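Notes follow the structure.
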Amino acid sequence: MARADRWNGWSAPSVRTAFTAAFAVVVVLVGLRLTVRDDSHAVSWLALPPLAASAFLPWRWVAGVGLASMGAAFAYLWILYDFAMHGVASHGVDFLVVAVAVVISAAVAIVRERDDERMKRLTQLASVVQQAILRPIGERLGPFDIAARYVSARSGAEIGGDLYEALNTEFGVRIIIGDVRGKGLDAVRLSSTVLGSYRHVAFERSDQRYMINDLDHAVARNAGDEDFVTAILMQERGGTLEIMNCGHPPPMLVRDGVATYLEPESMAPPLGLGPSVRELTVRLQPGDRIFLYTDGLAEARKDGEFFPIRERAWSLIGHGNVGDGLASLESALRRWVGGPLTDDIALLLLDYRPETG
């Protein structure tokens, strides 16, 4: 929509409606005061409408409300003193109070609009950065139908360090999902480091253990003393899924209506803390779904109760296409939480559909 038809998220009809409401308040106030016919600081109360309007209307419309208040003040005094100008002139201080309120209100609205515009630009920039780091994943990768989804907990510019990637290499389909400790630019920077390293070593290393060593060194070189990255590395070769977990919430296998966590015998530390990882191997069957997620989903709660991922997995992500499954999961999560999420969430859903014949 053109800028002429929108102000900081307000459509033109909405702005006109709000202005009309503010103007109506001015008229109602004047009418109420005329019933009392009190001349003690008779018009200073008309400073209130522009001050209130400054909280949500564009500054030009706030100035309009202020001019309406000034005009209403003049009309009120003119009527109150039986259309005599000397009565109007005797209330110069009241007029000054209203005029100062109008100037202050317009200034507040200008500052608010600038802050809103700055936040809008930062939000757009954050979105561009996030999209540049998390490249789109195709709908088909090797034997998998695949979908990825990033669920942001914020409407502002702060972005997190959740990450994912899926690549088709000579060693098989390789996938990573991870979560950087912390938020903001430092987390995004470390997330970018991990993904950049992964996109290189995934095509160079035949063994995932060596990949984890490379990623661990990359994190250790670039992270702070208390920073780390939880991650799952996974690859599929000939129908066998090989999973290595570095301190991350376990993936879930959804098969024949039953959801099962794919948990290792012992949890390895995150990247950056020198993990020694044992591989978990799963033999896949056609129609199996593998669900990976970050801890924003695992820790989502309402009244102290965690979102029942496992119990609802089949109904939400066990059928239909994988993209619709993730959309259904997000909708169910937001309804269940009933408010803002506390953390960003990265989601990956894979449907094993090997070609036959």
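Site pair residue 283 and residue 121 shows an inter-label distance of 6.0 nm when each label is modelled 7 Å from Cα along Cα→Cβ. Tell me, how many Å apart are the Cα centres for the range 161-220 and for the range 321-351? If we compute the Cα centre of each part, the gap is 23 Å. Report the FRET efficiency, 1/(1 + (r/R0)^6), for residue 226 and residue 256, where r is their Cβ-Cβ distance and R0 is 30 Å, rounded to 0.05. Result of the calculation: an efficiency of 0.10.
The slack in the chain from residue 305 to residue 217, taken as 0.36 nm per residue of separation less the alpha-carbon distance, amounts to 28.0 nm.
May I ask you to order 296-308, 195-207, 60-72 by the average number of other C-beta atoms within 10 Å around their residues, highest value first?
On the way: 296-308: 13.8, 195-207: 15.8, 60-72: 21.2.
Descending packing order for the listed peptides: 60-72, 195-207, 296-308.
Since every read-out is calculated from the coordinates, none of them should be taken as a lab result. Worth saying up front: this structure is predicted, and the values here are computed from it rather than measured. Neighbour counts are summed over all protein chains in view; Cβ atoms, including those assigned to glycine, are modelled from backbone coordinates with ideal geometry.
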